[in-house]
1. In the range A:441-473, what residues are β-branched (V, I, T), over 18 Å from A:T383 (Cα atoms) and touching a residue at least 12 places away in the same chain (Cβ under 8 Å)?
2. So which of B:L79, B:L103, B:L89, B:L55 ends up being hydrophobic (A, V, I, L, M, F, W, C) and under 30 Å from A:T108 (Cβ atoms)?
3. May I ask you to verify whether B:K130 is facing chain A (nearest Cβ under 10 Å), on the phi < 0 side of the Ramachandran plot, modelled with pLDDT of 95 or more and surrounded by fewer than 21 Cβ atoms within 10 Å (Cβ to Cβ)?
4. Sort through B:T405, B:T426 and tell me the only one that's over 23 Å from B:A458 (Cβ atoms) and polar (S, T, N, Q).
5. Specify which of the listed residues (A:S176, A:S205) is at pLDDT below 95, hydroxyl-bearing (S, T, Y) and in a helix (DSSP H, G or I).
6. Looking only at the range A:392-411, which residues are touching a helix residue (DSSP H, G or I) at 6+ places or on another chain (Cβ under 6 Å), part of a loop (DSSP other than H, G, I, E, B) and either within 24 Å of A:Q475 (Cα to Cα) or at pLDDT below 95 (or both)?
7. Return a yes/no flag: does the range B:218-239 have any residue that is under 19 Å from B:D305 (Cβ atoms), without any contact (Cβ under 8 Å) to a residue 24 or more places away in the chain and not in a helix (DSSP H, G or I).
8. Count, please, the residues in the range A:352-369 that happen to be among the aliphatic types (A, V, I, L, M) and not in a strand (DSSP E or B).
There are 2 protein chains.
Amino acid sequence: MPLLGLLPRRAWAALLSQLVRPPCASRTGAVRCQSQGTRDLSPQHMVVREKILDLVISCFKRHGAKGMDTPAFELKEILTEKYGEDSGLMYDLKDQGGELLSLRYDLTVPFARYLAMNKVKKMKRYHVGKVWRRESPTIVQGRYREFCQCDFDIAGQFDPMIPDAECLKIMCEILSGLQLGDFLIKVNDRRIVDGMFAACGVPESKFRAICSSIDKLDKMAWKDVRHEMVAKKGLAPEVADRIGDYVQCHGGVSLVEQMFQDPRLSQNKQALEGLGDLKLLFEYLTLFGIAEKISFDLSLARGLDYYTGVIYEAVLLQTPTQAGEEPLNVGSVAAGGRYDGLVGMFDPKGHKVPCVGLSIGVERIFYIVEQRMKTKGEKVRTTETQVFVATPQKNFLQERLKLITELWDAGIKAEMLYKNNPKLLTQLHYCESTGIPLVVIIGEQELKEGVIKIRSVASREEVAIKRENLVAEIQKRLSES
Amino acid sequence: MPLLGLLPRRAWAALLSQLVRPPCASRTGAVRCQSQGTRDLSPQHMVVREKILDLVISCFKRHGAKGMDTPAFELKEILTEKYGEDSGLMYDLKDQGGELLSLRYDLTVPFARYLAMNKVKKMKRYHVGKVWRRESPTIVQGRYREFCQCDFDIAGQFDPMIPDAECLKIMCEILSGLQLGDFLIKVNDRRIVDGMFAACGVPESKFRAICSSIDKLDKMAWKDVRHEMVAKKGLAPEVADRIGDYVQCHGGVSLVEQMFQDPRLSQNKQALEGLGDLKLLFEYLTLFGIAEKISFDLSLARGLDYYTGVIYEAVLLQTPTQAGEEPLNVGSVAAGGRYDGLVGMFDPKGHKVPCVGLSIGVERIFYIVEQRMKTKGEKVRTTETQVFVATPQKNFLQERLKLITELWDAGIKAEMLYKNNPKLLTQLHYCESTGIPLVVIIGEQELKEGVIKIRSVASREEVAIKRENLVAEIQKRLSES
């Protein structure tokens with residue numbers, strides 16, 4: 001089995017920083033009047049997004065999920081102590097009297113709050129929405145401070161690993177559907193991570209802090225992560241080195257079997273539970289036909305505090321340019337895991353609702369798809385207009401307005417120029433530049449004869465049809481194209 | 001022409017306060033862990049919203065609009081002094097270092113900022129997004145602090161009133177399409193409002209403040225508005241009374257003609273310009289076939305500072321219960337107007353881009369549709385699942401997983417229970433309660449014979465079909481239903 005060594009990670013980090021544009025780039029050189037680290041989404045962006053989100057949401061619906069939404073801000077106390085080291089990145093609202101509020105940081109904590117507040121014990125839902133994080137614009141790689149998340153979660157007490165396996169199936173369906181190229185889903189379990197820490201001699205009080213460090217392995221080299229653990233977090237060097245041995249291990253179900261025999265891990269009850277679940281998970285993944293996409297990876301830690309069981313992260317693999325090269329990791333595009341304790345934190349009696357879920361990294365996917373379209377020179381239409389209403393003569397505004405009303409009222413997407421007397425060439429140019437396929441033309445002659453000319457923008461062919469047949473004729477042409 | 005007197009307004013205010021639920025109502029009686037004045041959107045809400053937004057967006061696209069999005073927050077200075085008296089309702093972000101930010105208050109100011117920043121001189125765009133206002137939960141009627149807006153705007157220098165008329169056409173198409181009952185669109189012009197103020201003797205320094213008061217006429221009785229103008233804003237009582245005469249006038253194009261002859265208004269250049277444009281507007285509205293839906297209404301003022309020309313507001317009319325009763329106004333569901341100066345405020349050289357647009361009050365529409373469904377006892381499905389995978393026997397999890405994979409991979413929306421050994425009755429109950437139309441059943445016998453049973457949940461009929469024909473058979477049944 002091919003080992004993803006430490007060098008490709010560094011190579012990937014370099015690649016990623018090229019791939020993703022800096023968050024504050026001004027594309028226009030115009031007035032500086034926008035908040036740092038945010039950006040507007042132009043019509044071009046929106047078209048790409050709409051297509052990708054449609055695919056993601058239709059997959060969520062295929063798996064029986066309901067839609068849901070929560071407010072952009074939550075009581076600050078709801079969000080506090082849920083995100084580990086990243087909690088400092090939360091946007092707080094100004095105290096203008098009343099409650100202390102913060103912008104939501106992800107969609108998972110609001111979902112858990114919703115379940116507890118409404119005493120919901122079972123729910124399969126998806127949620128597409130914006131979240132906000134005060135990432136420093138200078139250190140982040142292509143992360144905006146406002147971004148979209150697409151989450152799918154299954155809440156409820158069920159038999160082990162069935163919902164967890166479905167989450168991985170969904171990630172595979174979405175990544176295959178988007179045709180982003182080859183991908184791999186790394187899987188681990190928080191209980192294995194903690195068991196590994198215990199087995200290596202990490203004091204329990206440092207578990208979450210060391211977990212945060214390990215989580216950086218996809219952005220930092222091992223030696224830097226090791227330095228952080230030893231110098232900043234006070235871990236003994238030999239303990240760090242023991243962890244270093246584990247985090248290089250990854251493979252299929254055979255690695256799970258191997259870890260069952262590991263002299264240190266096999267002594268740890270938690271780790272054994274995690275390994276048992278992973279074994280069952282791989283069984284279901286095989287039935288789903290996706291086992292070959294999954295890699296048990298001991299370097300996967302996931303930084304968030306709330307995970308309690310299986311965790312996973314999907315990465316795209318760049319096809320090697322030369323034979324024999326290892327596949328290159330170009331970044332995480334989906335992730336998730338099990339969080340069985342989070343809902344209980346919001347319930348006054350601590351009643352737990354086990355949950356497992358996933359989040360699609362749509363922002364990175366948007367960017368990859370946009371870049372690919374740019375490379376291929378693909379243009380997107382930003383409107384859906386089907387018919388343009390034109391005239392070759394002056395003083396035909398009234399006739400154009402009557403004509404376009406007929407089209408709109410028949411549900412046809414139609415435009416005209418907002419001018420009393422536009423030139424015919426200007427009107428035809430507009431159709432060509434915006435990709436409108438059909439033009440209907442009315443002038444003196446047409447009016448006299450009770451006809452309308454229909455022109456195909458692509459072929460420039462024109463035919464005259466009876467005015468009363470206009471809508472039917474256009475609908476026929478549109479259904480044929 | 002029927003005059004909407006002052007009493008129906010008060011009656012309407014009372015009705016509205018019943019119609020719309022208070023923003024802090026806890027529907028569950030559960031833990032208080034949500035920010036005041038906000039609410040979660042349940043799957044039921046989301047289904048209704050999705051249908052309404054689809055209709056609204058498809059109308060915007062029918063008129064050739066492009067999609068766009070801007071960040072949730074803007075630099076505070078961008079939003080300052082754009083909203084008149086309501087500016088105090090803005091949510092500010094906490095100063096955590098860096099820029100001072102505020103949550104967006106509407107979608108119009110961010111659009112104007114976008115145009116100026118990107119030097120866009122011409123654009124027809126729609127924008128669906130959340131906005132935030134710190135309304136006091138005790139005084140507002142059914143307003144949440146977070147709500148959705150659906151805006152359509154046309155930016156650019158065009159011949160007069162053509163884009164303005166299209167905005168009104170769009171409002172009519174959407175309100176008709178949503179089948180909310182009869183409606184009326186009140187139209188006025190800021191230049192007529194200002195001209196009226198000047199003609200009545202309002203000092204120019206008080207124009208915007210008095211405009212804000214007039215804007216409250218749809219929520220307050222004239223005598224209270226008059227009191228506010230005189231006691232709080234220092235207007236001479238006789239000036240207020242002169243205004244009182246005008247704001248009772250409303251009617252069709254004939255009222256425009258009448259106002260041209262008005263001894264006071266006809267002396268005011270601004271007012272004459274506004275009246276001239278309204279006359280032209282009515283001409284186009286007639287060609288669009290919507291003139292009978294439009295009422296020139298001198299009480300319409302619109303509170304926002306940025307309007308410069310035509311303004312409009314759509315209200316639903318409740319069908320009178322008794323013959324001869326006047327139609328009853330049940331609240332504004334769409335509004336907009338022309339704002340020719342806003343973009344120039346963000347341009348360093350003050351270059352203007354004339355704009356006209358509209359905003360659909362979707363929150364009120366969501367609520368009306370939800371209430372109507374409740375009254376009719378209509379239930380909505382919150383999932384779209386087409387097929388449920390069931391088994392009557394124990395130990396059939398593996399077969400179910402294989403089966404559901406086939407369905408998912410064929411694009412069929414499918415669910416199963418996350419249990420190793422669920423009871424058949426439980427499985428069938430699940431289908432009935434969630435509205436899943438088809439069940440596929442696999443058990444020992446089916447496995448032996450190489451068949452699958454398909455059951456129609458409604459008719460309870462079951463047929464056995466060959467396993468290899470499963471997907472085709474299901475697709476056939478789904479396309480027929």
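1. Let us first name the residues in the range A:441-473 that are β-branched (V, I, T), namely A:441-442, A:451-452, A:454, A:457, A:463, A:465, A:471.
Those left that are additionally over 18 Å from A:T383 (Cα atoms): A:441-442, A:451-452, A:454, A:463, A:465, A:471.
Result: A:I441, A:I442, A:V451, A:I452, A:I454, A:I465, A:V471.
2. On the way: B:L79 fails: under 30 Å from A:T108 (Cβ atoms); B:L89 fails: under 30 Å from A:T108 (Cβ atoms); B:L55 fails: under 30 Å from A:T108 (Cβ atoms).
Exactly one of B:L79, B:L103, B:L89, B:L55 is hydrophobic (A, V, I, L, M, F, W, C) and under 30 Å from A:T108 (Cβ atoms), namely B:L103.
3. Values: facing chain A (nearest Cβ under 10 Å): yes; on the phi < 0 side of the Ramachandran plot: yes; modelled with pLDDT of 95 or more: yes; surrounded by fewer than 21 Cβ atoms within 10 Å (Cβ to Cβ): yes.
Here the answer is yes, as B:K130 does meet what is asked.
4. Numbers: B:T426 fails: over 23 Å from B:A458 (Cβ atoms).
Criteria check complete, one pass: B:T405.
5. Numbers: A:S176 fails: at pLDDT below 95.
Just one listed residue meets the conditions, A:S205.
6. Scanning the range A:392-411 gives A:P392, A:A410.
7. No; the residues of the range B:218-239 include none that is under 19 Å from B:D305 (Cβ atoms), without any contact (Cβ under 8 Å) to a residue 24 or more places away in the chain and not in a helix (DSSP H, G or I).
8. Let us first name the residues in the range A:352-369 that are among the aliphatic types (A, V, I, L, M), namely A:353, A:356, A:358, A:360, A:362, A:365, A:368-369.
This time we only want the ones that are not in a strand (DSSP E or B), so: A:353, A:362, A:365, A:368-369.
Final tally of qualifying residues: 5.
The values are calculated or read from the model by the stated rules, or taken from the named source; none is laboratory data. Fair warning: this is a prediction, and the values are worked out from it, not measured in the lab. Neighbour counts run over all protein chains shown; Cβ positions are idealised from the backbone, glycine included.
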